[in-house]
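The values are calculated or read from the model by the stated rules, or taken from the named source; none is laboratory data. Quick caveat: nothing in here was measured; it's all calculated off a predicted structure. When we count neighbours, we look across all protein chains shown, and the Cβ atoms used for this are built from the backbone with ideal geometry, even at glycine.
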Amino acid sequence: RLLLWSWWLAWLSGLGVTSVVGFSIYTLRCPKEQIEPDPSKKTLVILGMNWLGFRLPAEKARYAELQRRGRLPRNYFLFTPLLPSCTTGLIEHRSIMEPIRNVLRQKKAAVKFYEAEATKIDYEKRVVCIKDESEIKGDISHTEVPFDMLVIGVGAENATFGIPGVREHSCFLKEVNDAQKIRKRIMDCVETAMFKDQPLDEIKRLLHMVVVGGGPTGVEFAGEIQDFFSEDLKKWIPEIQDSFHVSLIEALPNVLPMFSKQLIHYTESIFKEEKIDIRTKTMVKKVTEKYIEAEVTKPDGSKDIEIIPYGLLVWATGNAVRPVVRDLMGQLPAQANSRRGLAVNEDLVVNGAKNIWAVGDCAITNYAPTAQVAVQEGAFLARLFNTMAESDEIEKELQNLSSQQSQEQSENERNEVFEEIRRRQNQMRRVKQIGPFQYSHQGSLAYIGKERAVADISWLNGNIASGGTLTYLFWRSAYLSMCFSTRNRVLVVVDWIKAHLFGRDVSRE
Ligand code: FAD
Ligand code: NAI
């Protein structure tokens, strides 16, 4: 009997999961009719479309959306938390990309999307200048988009602190093309090291994978590349076993400064086990094609310059302001003291500007520049815009009701209109109580390699710090559930299974 019940339960849950997945696929494949823009409504322009645009489901405003067009056209959302896994081929990059077109067709709002780079925001004229940077150009590749309201969510670029040689010789890890470049370079270094008669010193240099920046990006990448070596490369190319080496360079006394002390020590001990060399108190000052120059602070406080040869250099030293944002900051006297991005008030309105909001990595708030913050800010703005649209409608109705009041009306009729006005005014007050943006920190998670992760989770006004294999399973399930779509989740799971069964692909392209 118990067996029969278990069988039924398993069958029902199987049916449930299949129905949910089936329905998600059906809604994705069969979008509804797109609403035509209503010219009487205000135009909201959204600049940048990663976490913010995905979460901005306001239905009542008319949208025009812009998207930067870089060297690689980007008409997709990118799930950055799994980007380090793409550098080694554990996950294929397309599995963490969701085409913007697919998503926008599911929205109830009238949305226009332009794949373009915003080159300037003209605050006086209330226009955004955009440029088509793709290889194929039409008759028009520069134009302007006027806005009534503007949301800036262009993120940040890679900080290099003006250190010579960084841009020319290192790889960043922010975009899909960065991950592809790293994946190709790892295999290029390995194959070049295996070239006939290569001297031992050169083999060691080529197989030295250096990561600069001990923040979560650097730590996660170091863990991923060491996994790649121990689980796959070492098996297929045993000759590299003694020379392959990963180093993580950090200017501060420890890595992962935003995690609790106990997790920092745990990460350092796991890296030691994995033979990843952590060099703290080491500040990179110069990068050349084959080596970096770093200033090392010794235990006695004295400083020394060290030359570190490398084959692959990954630069992960945090964020810097994008030019389009810096230009707007220059137009607003209230931003004169901002250095790291657009200063905003508690409603995310850009200081010194009217009807312009900034969110995510390009805005300066009291919170770290993370996806978690960007998602919540996007959701807050969605609520705010819906509220604004709703209060516009109520205001129109109030004007109608006031114009209906006249001396010819009977007392009863006048009372009725008066009651309705009072009801609407109360509704308006409720709608307007959206309040300032409040961030709820769920915790920090990072993968550190060898199927281990670290997590500082907020729990009942306290904090739980945990690290290990169970945390790794939690990390996997949390990020899987946060993926943009069912399609992404299925693809990521398939990639994980593929890598477990057959190993990562070591071909260079
Ligand atoms: P972005 O995600 O950078 O998006 C900006 C968008 O603006 C992009 O679509 C870009 O194409 C567009 N754009 C840029 N310039 C222009 C322009 N001039 N005109 C028009 N459009 C433009 N955070 C976490 O909370 N958890 C994690 O696990 C995590 N892992 C990460 C792993 C990596 C490797 C990296 C790099 C970051 C990670 N982060 C994580 C941080 C997180 O990705 C960012 O905080 C988040 O992406 C910021 O969102 P955003 O929308 O502000 O900017
Ligand atoms: P970061 O700003 O967190 O860390 C950069 C590190 O580089 C700093 O520790 C800094 O001391 C070091 N550094 C700077 N210049 C240096 C130099 N010349 N030589 C040596 N070291 C130098 O940057 P990161 O890791 O790129 O992260 C950016 C943002 O994205 C952060 O807010 C982070 O929280 C978020 N993020 C979150 C993740 C997660 O939650 N799992 C994963 C990746 C990023």
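Quick notes on this structure:
- Considering the conditions (1) outside any strand (DSSP E or B); (2) away from ligand 2 (no atom under 13 Å from the Cβ); (3) in contact with a Lys or Arg (Cβ under 8 Å, 6 or more places away or on another chain), D304 is excluded by exactly one of them, (1).
- Tally, over the range 18-49, of residues that are closer than 18 Å to A382 by Cβ and either over 29 Å from the mean Cα position of the chain (by Cα) or part of a loop (DSSP other than H, G, I, E, B) (or both): 5
- Positions within the range 159-177 being over 16 Å from G311 (Cβ atoms), in contact (Cβ under 8 Å) with a residue 60 or more places away in the chain, within 15 Å of ligand 2 (Cβ to nearest atom) and not aromatic (F, W, Y), in sequence order: A159, T160, I163, P164, V166, L173, K174, E175
- Top-ranked residue of the range 210-227 - restricted to ones that are within 22 Å of G503 (Cβ to Cβ), within 16 Å of ligand 1 (Cβ to nearest atom) and not β-branched (V, I, T), ranked as surrounded by the fewest Cβ atoms within 10 Å (Cβ to Cβ): D227
- For the range 315-372, taking the residues that are among the basic types (K, R) and surrounded by fewer than 18 Cβ atoms within 10 Å (Cβ to Cβ), the one that is nearest to ligand 1 (Cβ to nearest atom) is identified as R326.
- Yes/no for A446 being under 30 Å from V190 (Cα atoms) and under 24 Å from the mean Cα position of the chain (by Cα): yes
- Inter-residue pairs, beta-carbon under 8 Å, first under 11 Å from G153 (Cβ atoms) and among the small types (G, A, S) and in the range 362-382, second in a loop (DSSP other than H, G, I, E, B) and away from ligand 1 (no atom under 11 Å from the Cβ), 6+ apart: A363/L348
- Each residue in the range 249-262 was checked for being among the aliphatic types (A, V, I, L, M) and either at positive phi or modelled with pLDDT under 95 (or both), and 2 of them qualify.
- Beta carbons closer than 7 Å, at least 6 apart along the sequence or on distinct chains, pair a first residue in the range 74-86 that is of a type in the set (G, A, S) with a second that is more than 8 Å from ligand 1 (Cβ to nearest atom) for S85/I91; S85/E224.
- Looking at V324, V349, just one residue is closer than 28 Å to D178 by Cβ and of a type in the set (V, I, T), and that residue is V324.
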